[in-house]
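Structure record follows, encoded as structure tokens.
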Amino acid sequence: MLHLVHPSLSRAAALDPHRLRQQALVVSATVVALGLMLNGTVSATLAAASDNAAVEPRSQVFIAAPEAATAPAQLVAAASAAATLSATAPVGPAAREPFTIDQRPPLVYPVGITAPVGSPFGLRSAPCASCPTVHNGVDWNPGYGTTVVSMADGVVTLIGNPGSALGTHLEIEHVIDGQVVTSVYAHLVAGSIPLQVGDRVRVGDPVGLVGATGAVTGAHLHFELRVDGATINPVPWLQAYGAQ
């Protein structure tokens, strides 16, 4: 047994029993010290391993399923299919059909702001035997056949016949700034009025053509305005309301 611990022990045992005891004590102390050192190292290693296990997840947690390797390819295929569907999907009718914004001013001149005035509102020398000396409207001379338009939104309330003094004419009732305003368009071409009594019109809608029906000396538009039943000069009124 002694020769396994240290080769000299077996020889010393045969020569000197006292020396044998000393060497045996030294060996015993060495063995105890080595045991304590080994026990501390093992305990420290186990503790470190336990701490690492608590902090770091086991490697098995990160082992991907077999199909995970193909997931990127599946995502690429799905994205490609979605892009193809988006490119080939039919566009709705609303996206294809053009549209316009119909924005009109509140008031306009019936034959344009630059039409020449043939006879102003008020007292005048009668231009013909049947023409009045008190002119209740303004005469514009834009030329025969010029389109006449409604000065504002309103409702047609009267259509006159060519045999009257005003010839072929119509009246439109409007509500402007809380007041009832009637506009009169006279001496139009017979049969040129595209409307009937009760029709609603918008500002700028055609109401007829400049003609020479009724008591006239030539083609022109006779235009009247009545505000709450009273006939007024239409030119300053249109200017005051910003007609275009």
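All of the numbers you see were taken from the coordinates with simple rules; none came from a lab. Keep in mind the model is a prediction, meaning the values are calculated, not measured. FYI the Cβ positions are ideal-geometry reconstructions off the backbone, even for glycines, and counts take in every protein chain you see.
Structure data summary
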quantity	calculated
From phi via Karplus (6.51, -1.76, 1.60), per-residue ³J(HN,Hα) for region 150-160 in Hz, x at Gly/Pro	5, 6, 7, 5, x, 10, 6, 10, 7, 10, x
Long-range amide H partners of residue 208 with built H, under 5 Å	148
Total formal charge among the other residues, if their Cβ is under 14 angstrom from that of residue 148, Lys/Arg +1 and Asp/Glu -1	-4
Unit Cα scatterers, Debye sum, region 117-240: log10 I(q)/I(0) for q = 0.21 Å⁻¹	-1.28
Sequence-distant residues sharing a close amide H with residue 213 (under 5 Å, placed H)	168, 188
Pairwise FRET efficiency - residue 131 versus residue 157, Cβ, R0 = 25 Å, nearest 0.05	0.50
